[in-house]
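The values are calculated or read from the model by the stated rules, or taken from the named source; none is laboratory data. Here the structure is a predicted model, which is why all the values come from computation and not from measurement. We place every Cβ from the backbone using ideal geometry, glycine too, and count neighbours over all the protein chains shown.
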Ligand code: HEM
């Protein structure tokens with residue numbers, strides 16, 4: 001009998017998709033202000049003035065949304081020695097798609113952990129530097145040189161975040177069966193054993209031992225066989 005295993009609670013999934021929506025709003029409005037070639041993107045937000053006004057609020061809400069995600073996920077994203085080994089083996093996996101010989105993975109593999117920490121650090125930088133040149137509220141409190149540096153760091157952090165999310169979406173599509181984790185909240189036991197064997201074992205143990213800590217996370221929703 002095959003099981004579906006709960007990977008995300010409803011609140012976590014909603015939190016994730018709200019952050020995604022705000023990422024697109026903040027990203028597209030930011031790109032519109034970044035280069036004249038991208039200026040036509042202002043039409044998505046009601047023109048130049050509106051784009052300029054709304055962009056910092058989109059960014060602020062995205063950071064706030066991510067803070068909630070962060071506190072739900074940081075523990076499972078702590079780096080371990082196994083992750084360093086996984087990174088060493090990753091180039092072969094990317095080249096050949098051959099999974100044999102990959103170190104066993106807990107809830108997240110090293111690539112996912114990098115996505116998590118790259119997102120966290122770039123969002124923190126975007127948040128801090130954004131305040132430094134937010135007209136008319138805070139910018140005047142900072143010397144011009146500081147503001148100039150802040151603009152460059154802001155653009156750099158945005159580039160890192162956008163590239164990180166491109167890799168994240170690519171991986172979510174590439175690893176078949178991942179998307180349902182964020183759309184339905186569950187994954188098949190087969191997917192879990194193949195991609196996250198240590199996590200799958202932990203979840204099964206939770207069912208077997210009825211351990212309080214795992215009880216709510218594992219659901220025997222329906223038989224797949
Ligand atoms: C269209 C855009 C996006 C799609 C399709 C997508 C899809 C997914 C999927 C399928 C998962 C579950 C993966 C798993 O549990 O193995 C996931 C997890 C996650 N997503 Fe997204 N995502 C998107 C955008 C974003 C954005 C913009 C952020 C943050 C800025 C983000 C942050 C995360 C985090 C932190 C996780 C937990 C896994 C980890 O630590 O890497 N995602 N996403």
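When we screen 17, 50 for residues that are in contact (Cβ under 8 Å) with a residue 40 or more places away in the chain, out of contact with any helix residue (DSSP H, G or I) (no Cβ under 7 Å at 6 or more places or on another chain) and in a helix (DSSP H, G or I), the only hit is 17. Just one residue in the set 24, 71, 66 is without any contact (Cβ under 8 Å) to a residue 12 or more places away in the chain and within 11 Å of the ligand (Cβ to nearest atom); that residue is 24.
Is there a residue being modelled with pLDDT of 95 or more, at positive phi and surrounded by fewer than 17 Cβ atoms within 10 Å (Cβ to Cβ) anywhere in the range 174-182? So far as the range 174-182 goes, yes, one or more of its residues are modelled with pLDDT of 95 or more, at positive phi and surrounded by fewer than 17 Cβ atoms within 10 Å (Cβ to Cβ). The number of residues in the range 125-162 being surrounded by 18 or more Cβ atoms within 10 Å (Cβ to Cβ) and over 29 Å from the mean Cα position of the chain (by Cα) comes to 0.
Within the range 55-66, not a single residue is in a helix (DSSP H, G or I), at pLDDT 95 or above and farther than 22 Å from residue 157 by Cβ. When the criteria are applied in full, residue 45 meets the requirement of being away from the ligand (no atom under 16 Å from the Cβ) and over 14 Å from residue 162 (Cβ atoms). Scanning the range 94-107 for residues that are part of a helix (DSSP H, G or I) and more than 29 Å from residue 23 (Cα to Cα) yields 95, 96. Here 72, 112, 49 are screened, and the one residue that is modelled with pLDDT of 95 or more and over 24 Å from the mean Cα position of the chain (by Cα) is 49.
Just one of the listed residues (32, 37) is loosely packed, with under 14 Cβ neighbours inside 10 Å, away from the ligand (no atom under 16 Å from the Cβ), in a helix (DSSP H, G or I) and at pLDDT 95 or above, and it is 37.
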